[in-house]
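Enquirer: First, the structure itself, so that you have it in front of you.
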Amino acid sequence: MRFFLCVHEGFGTFSVWRGVAMAEQAIFTVLAMVSDGSGNLLMEDRNDPGWPGICFPGGHVEPGEAFTAAAIRETREETGLTIENPTLCGVKQFPAKGNARYVVFFYKADRYTGNLRSSDEGEVFWLPRQQLSEYPLVEDFMDMLKVFESDTLNEFQYYQEDNGEWGLRLL
């Protein structure tokens with residue numbers, strides 16, 4: 001007899017597959033690639049020593065918050081711009097501490113209102129797309145960018161091999 005039941009509770013899911021209970025916690029975050037229509041991308045020089053470098057604005061999803069709403073809120077809080085109609089374009093995931101999964105939803109937007117301003121999260125600025133390689137980007141930025149810009153890729157995954165080595169898949 002095969003059956004599958006999935007009940008969502010809080011930040012995790014509880015699943016039963018063939019009578020075996022499995023639980024997984026998840027940490028949800030968002031990143032927003034904002035373009036100005038002239039070849040420039042909105043970048044943030046992050047003040048986070050745990051993940052230093054230049055990246056797109058983003059952050060954690062609040063409990064009960066819609067993922068798209070989180071992308072809009074985080075972009076506004078960190079840049080002063082309110083993005084309009086952000087489009088979900090991919091996901092990044094990797095194992096986190098405590099048997100949790102860290103999930104980053106990727107959004108794209110090219111419409112916004114407001115005035116650009118930096119925040120405590122870091123300095124924000126417009127950067128021509130072709131100049132990205134001249135800046136100290138976060139460690140895996142160029143691989144993430146492939147997912148943001150691709151019509152065929154939609155997932156970025158870090159995984160651990162049987163030998164303990166870490167791998168990266170773009171799917």
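The values are calculated or read from the model by the stated rules, or taken from the named source; none is laboratory data. Since we're looking at a predicted model, the values are computed, not measured. Every residue, glycine as well, gets a Cβ built from its backbone with ideal geometry; the counts of neighbours run over all protein chains shown. Keep in mind that these areas ignore ligands, DNA and RNA; they rest on the heavy atoms of the full protein, side chains included. Shrake-Rupley method; radii C 1.70, N 1.55, O 1.52, S 1.80 Å.
Enquirer: Within the set of pairs 6 or more residues apart or between chains, which connect a residue that is more than 26 Å from N47 (Cα to Cα) inside segment 76-90 to a residue that is crowded, with 23+ Cβ neighbours inside 10 Å with Cβ atoms less than 7 Å apart?
Expert: T87/Y107
Enquirer: May I ask you to verify whether G37 is open to solvent by 70 Å² or more (accessible area, probe 1.4 Å) and among the small types (G, A, S)? Working first, answer last.
Expert: Numbers: open to solvent by 70 Å² or more (accessible area, probe 1.4 Å): yes; among the small types (G, A, S): yes.
Judged against the criteria, G37 is a match.
Enquirer: Just give me the residues in segment 136-171 being assigned to a strand (DSSP E or B) and either within 19 Å of the chain's Cα centre (by Cα) or small (G, A, S) (or both), in sequence order.
Expert: Residues of segment 136-171 assigned to a strand (DSSP E or B): 137, 155-160, 166-170.
Answer for segment 136-171, where residues must be assigned to a strand (DSSP E or B) and either within 19 Å of the chain's Cα centre (by Cα) or small (G, A, S) (or both): L137, E155, F156, Q157, Y158, Y159, G167, L168, R169, L170.
Enquirer: Among residues belonging to segment 108-147 that are in contact with a Cys (Cβ under 8 Å, 6 or more places away or on another chain) and among the β-branched types (V, I, T), point out the one that is nearest to I83 (Cα to Cα).
Expert: V147
Enquirer: Then there is this: Which residue pairs have Cβ atoms under 7 Å apart, sit 6 or more places apart or on different chains, and have a first residue in segment 99-111 that is modelled with pLDDT of 95 or more and a second that is of a type in the set (K, R)?
Expert: V104/K92; F106/K92
Enquirer: Here's a check for you: in segment 136-171, which residue that is hydroxyl-bearing (S, T, Y) and modelled with pLDDT of 95 or more is least open to solvent (accessible area, probe 1.4 Å)?
Expert: Within segment 136-171, the subset hydroxyl-bearing (S, T, Y) is 150, 152, 158-159.
Now narrow it down to the ones that are modelled with pLDDT of 95 or more: 150, 152, 158.
Numbers: S150: 29, T152: 120, Y158: 59 Å².
Once the filter is applied, the top-ranked residue is S150.
Enquirer: Report the residue count in segment 40-53 for those that are under 10 Å from F125 (Cα atoms) and either of a type in the set (D, E, K, R) or surrounded by fewer than 21 Cβ atoms within 10 Å (Cβ to Cβ) (or both). Full working, then the answer.
Expert: Narrowing segment 40-53 to residues under 10 Å from F125 (Cα atoms): 40-45.
Okay, now just the ones that are also either of a type in the set (D, E, K, R) or surrounded by fewer than 21 Cβ atoms within 10 Å (Cβ to Cβ) (or both), so 40-41, 44-45.
Of the residues in that region, 4 qualify.
Enquirer: Here's a follow-up. So for segment 97-114 (the condition being over 15 Å from the mean Cα position of the chain (by Cα), of a type in the set (F, W, Y), part of a strand (DSSP E or B) and surrounded by 12 or more Cβ atoms within 10 Å (Cβ to Cβ)), does at least one residue qualify?
Expert: Going residue by residue through segment 97-114, those that are over 15 Å from the mean Cα position of the chain (by Cα) are 97-100, 110-114.
Imposing the further condition that a residue be of a type in the set (F, W, Y) reduces the set to 112.
Right, trim to part of a strand (DSSP E or B) and you get 112.
Imposing the further condition that a residue be surrounded by 12 or more Cβ atoms within 10 Å (Cβ to Cβ) reduces the set to 112.
Yes.
Enquirer: While we're looking at this one, here's another question. Applying the selection to segment 116-135, what residues are acidic (D, E), touching a residue at least 40 places away in the same chain (Cβ under 8 Å) and either surrounded by 15 or more Cβ atoms within 10 Å (Cβ to Cβ) or part of a helix (DSSP H, G or I) (or both)?
Expert: Correct list: E121 only.
Conditions (1) modelled with pLDDT under 95; (2) part of a helix (DSSP H, G or I); (3) not acidic (D, E), marked per residue:
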| site | (1), (2), (3) |
| --- | --- |
| V30 | no, no, yes |
| S38 | no, no, yes |
| M43 | no, no, yes |
| D48 | yes, no, no |
| E65 | no, no, no |
